[in-house]
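In what follows, a structure is listed as structure tokens, so that the remarks can point back to it.
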Amino acid sequence: MKRVFLETYGCQMNVADCELMAGVLERAGMELVQRPDDADAVILNTCAIREHAEQRVLGRLGEFAHLKLRNPALIVGVAGCMAQHLRKRLLDQKRVLDLVVGPDGYRNLPDLLRRAASVPVAELRLDRDETYGDLEPRRGAGVRAWVTVQRGCDKFCTYCVVPYTRGRERSLPIAELLGQVERAAAQGFREIVFLGQTVNSYHDGAHDFADLLRAADRVAGVLRIRFTSPHPSDMSERVVAAIAECEKVMPHVHLPLQSASDPVLERMQRSYTLAGYDAVLGRIRERVPGVAVSTDIIVGFPGESEADFLATRDYMRGARFDSAFLFKYSARPDTRSFKMPETVDEPEKGRRLQALIDQQHQISGEIHDGWIGREVQVLVDGPSSRGRGDAQAQLHGKSREFKTVVWADDGARPGTLRRVKVVGATPVTLLGDSAEAPHEAQLVTIGDRAG
Ligand code: SAM
Ligand code: SF4
């Protein structure tokens with residue numbers, strides 16, 4: 001059992017977990033392959049946050065069932081949130097599935113895979129102490145390194161499976177995290193993204209999230225620092241001050257709101273009121289001039305009336321978020337809201353969602369139009385997929401505010417900083433003009449990726 005195919009679904013934390021698994025497997029002498037047909041074992045790293053995510057994984061498992069018909073020795077595994085959440089159902093289907101492993105079982109993955117070659121294996125214990133702090137991930141290509149600073153969640157929002165699938169909140173020691181940041185910088189990664197379900201509640205017993213940001217800000221070779229997702233209730237003065245004062249911490253905050261109706265927020269158990277959220281947003285905007293703010297919204301939560309929905313729509317119109325992830329409420333087994341009667345039917349959820357999409361599209365478009373004529377500093381990611389195959393090749397990267405910028409290929413290398421003049425915009429992209437961009441002298445080259 002040598003060759004493993006890993007595929008990941010869901011949030012950035014799952015991508016980071018996949019890198020962790022890849023590191024564990026490679027250290028055990030296993031090889032990661034790009035195609036399931038070349039593999040002795042396939043592992044799907046899954047997401048249980050919404051039913052739709054689960055359906056996609058189940059569909060993919062169906063494809064692997066076909067593969068297994070052709071190659072009965074193939075080991076099929078499911079890792080991550082869905083493994084934990086659907087454990088009974090997955091084990092019922094054990095003719096297809098040989099291994100289920102929850103988010104705290106990755107340390108022993110090579111051994112679990114070997115055992116699964118002879119008997120179906122389930123490793124689903126949640127471990128309050130497991131942080132994987134000592135395990136080095138095998139980071140993917142690119143200029144951005146994801147660093148998980150905290151695992152699990154203690155907030156228990158009533159709609160959310162995360163505390164059940166990923167267990168209780170625990171933070172990694174700051175020394176281990178700074179070691180990871182330094183090694184990532186030495187490998188050539190230029191942007192660090194700190195990950196946690198409520199990343200700003202990070203606390204290792206002696207240091208809080210503000211300490212972590214300030215310490216990471218001093219690491220040589222790192223050009224930019226980002227983090228996701230902070231929780232509004234954990235946005236302390238210290239954290240806001242660190243965001244404002246650290247040169248490398250970028251002016252973009254993803255601040256999930258979920259709803260702008262207090263009764264809905266209360267039933268969601270979000271632990272803040274709209275006024276509380278608004279005060280946090282105001283403080284961030286005051287202390288971090290030019291900050292871009294994005295958010296998450298759920299429509300159709302049980303009991304959400306038309307008035308509740310309109311309150312959310314109107315607040316979003318006034319708050320003018322740069323972007324928003326908009327979701328239809330999905331009832332998840334095990335959560336507390338699962339027992340609340342659903343009062344908003346699917347078509348109505350769809351209508352509310354579409355109204356918010358349309359409004360946000362317009363606002364994002366207006367905000368982006370406001371960037372036309374200005375210069376942005378971009379961290380170059382590489383060739384843009386839009387440019388590939390066209391006569392005119394294009395590059396893409398992120399501005400300090402985490403806006404995607406696309407411009408004609410001017411030879412700028414991935415991992416370098418580039419000043420680009422914005423000459424056009426769509427609601428999702430800023431279009432740059434390399435002809436108007438400054439010359440080579442202003443191209444900041446930091447060095448090549450080692451190894
Ligand atoms: N921990 C982060 C927070 O509290 O903001 C986000 C975690 S979750 C992976 C990302 C987003 O998914 C949430 O902010 C929420 O908007 C959405 N979400 C979570 N559970 C959901 C559900 N049952 N139905 C619809 N959307 C959901
Ligand atoms: Fe889920 Fe709430 Fe925790 Fe976010 S804070 S992961 S929404 S329980």
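The values are calculated or read from the model by the stated rules, or taken from the named source; none is laboratory data. Worth saying up front: this structure is predicted, and the values here are computed from it rather than measured. We place every Cβ from the backbone using ideal geometry, glycine too, and count neighbours over all the protein chains shown. Protein only, heavy atoms only, side chains kept; ligands, DNA and RNA dropped before computing areas. Shrake-Rupley method; radii C 1.70, N 1.55, O 1.52, S 1.80 Å.
If the condition is being within 16 Å of ligand 2 (Cβ to nearest atom), crowded, with 20+ Cβ neighbours inside 10 Å and in a strand (DSSP E or B), then the stretch 142-179 contributes T148, Q150, R151, S171. Exactly one residue out of E182, E123 is away from ligand 2 (no atom under 16 Å from the Cβ) and either farther than 30 Å from G382 by Cα or buried (at least 21 other Cβ atoms within 10 Å of the Cβ) (or both), and it is E123.
Where in the stretch 11-125 are there strands (runs of 3 or more DSSP E), lying fully within it, with 2 or more residues that are of a type in the set (S, T, N, Q)? Working first, answer last.
On the way: elements: 41-46, 75-80, 99-101, 121-123.
Result: 41-46.
In the set (1) open to solvent by 10 Å² or more (accessible area, probe 1.4 Å); (2) touching a residue at least 60 places away in the same chain (Cβ under 8 Å), the condition left unmet by L195 is number (1).
Just to be sure I understand, how many residues within the stretch 228-277 are among the aliphatic types (A, V, I, L, M), within 26 Å of S305 (Cα to Cα) and either touching a residue at least 60 places away in the same chain (Cβ under 8 Å) or within 13 Å of ligand 2 (Cβ to nearest atom) (or both)? I'd like the intermediate steps shown before the answer.
Initial filter on the stretch 228-277 (among the aliphatic types (A, V, I, L, M)): 235, 239-244, 249-250, 253, 255, 257, 260, 264-265, 268, 274-275.
Filter once more, keeping what is within 26 Å of S305 (Cα to Cα): 255, 257, 260, 264-265, 268, 274-275.
From what is left, the residues that are either touching a residue at least 60 places away in the same chain (Cβ under 8 Å) or within 13 Å of ligand 2 (Cβ to nearest atom) (or both) are 255, 257, 265, 268.
Final tally of qualifying residues: 4.
For the stretch 183-211, which residues satisfy the criterion of being among the charged types (D, E, K, R), farther than 21 Å from C153 by Cβ and assigned to a loop (DSSP other than H, G, I, E, B)? Residue satisfying the conditions is R190 alone.
Give me the residue from the stretch 36-65 that is of a type in the set (D, E, K, R) and in contact (Cβ under 8 Å) with a residue 60 or more places away in the chain and, out of that set, nearest to ligand 2 (Cβ to nearest atom). It would help to see each step written out before you state the result.
So the first thing to find is which residues in the stretch 36-65 are of a type in the set (D, E, K, R), and the list is 37-38, 40, 50-51, 54, 56, 60, 63.
Checking which are in contact (Cβ under 8 Å) with a residue 60 or more places away in the chain leaves us with 50-51.
Working: R50: 12, E51: 16 Å.
The selected residue is R50.
Has the stretch 278-288 got at least one residue that is within 16 Å of ligand 2 (Cβ to nearest atom) and open to solvent by 30 Å² or more (accessible area, probe 1.4 Å)? Scanning the stretch 278-288, I find no residue that is within 16 Å of ligand 2 (Cβ to nearest atom) and open to solvent by 30 Å² or more (accessible area, probe 1.4 Å), so the answer is no.
Considered as a group, the residues in the stretch 253-266 that are within 13 Å of ligand 1 (Cβ to nearest atom) and in a helix (DSSP H, G or I) include one that is nearest to the chain's Cα centre (by Cα), and that residue is L265.
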